[in-house]
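Q: Sharing a structure here in structure tokens format.
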Amino acid sequence: MADITNPQAVDFCNTKVRTLADAYAQLYWASKAVVEAWTAQNIEALIPNDGSVIIDGSATDGRSIITGAMVNTFATSVVALTDDLEANTNAKLDTLHQIAVNPVRR
């Protein structure tokens, strides 16, 4: 198998692939921390999966209002992201970390 030396391919890998892998790995580690806090603090019991509004100051500071259902849906997505990368004895996560330069483990 020949090495890849094409300047366009090398530039793409350095500027696109590795950069995205860094961002994805950083997202994984941030997501992992949120999932662990969600579980350890039993946050699901504090935020019902319904239309209850989270009173976080957003009504007066310009951010959009969020509801318990929105937070629970987001949490489900975050769990799915971490579960996907950790499936099959971390096969995808291992590949991601082989490509990423600055995964920022937390």
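FYI, it's all coordinate maths here, none of it is from the lab. This is a predicted model, so every value here is computed, not measured. A quick note on method: Cβ atoms are made from the backbone with ideal geometry, for glycine too, and the neighbour counts reach across all protein chains shown.
Q: I66 to E86: FRET efficiency via 1/(1 + (r/R0)^6), r the Cβ-Cβ distance, R0 35 Å, to the nearest 0.05?
A: With a Förster radius of 35 Å, E is 0.85.
Q: May I ask you to list the residues of region 56-95 whose amide nitrogen lies under 16 Å from a point 7 Å from Cα along the Cα→beta-carbon direction of D50?
A: Once the point is set 7 Å along Cα→Cβ of D50, 67-73 turn out to lie under 16 Å by backbone N, inside region 56-95.
Q: Also, quick follow-up: Taking only DSSP H segments of four or more residues, each worth -39500 (n - 2.57), what value at 222 nm results for the chain once the sum is divided by all its residues, to the nearest 500 deg cm²/dmol?
A: Dividing the helical sum by the residues of the chain leaves -20500 deg cm²/dmol.
Q: Between region 1-44 and region 47-65, how far is it from one alpha carbon centroid to the other, in angstrom?
A: One Cα centre to the other: 30 Å.
Q: What does the net charge come to around V79 if you take all other residues with beta carbon closer than 14 Å to its beta carbon, with K and R at +1 and D and E at -1?
A: Around V79, the charge tally is -4.
Q: Residues of region 75-106 with amide nitrogen under 13 Å from the 7 Å Cα-to-Cβ point of V35?
A: The answer is 75-94.
Q: If you place +1 on the Cβ of every Lys and Arg and -1 on the Cβ of every Asp and Glu, how big does the dipole about the Cα centre of the chain come out, in debye to the nearest 20?
A: Taking the Cα centre of the chain as origin, the dipole is about 220 debye.
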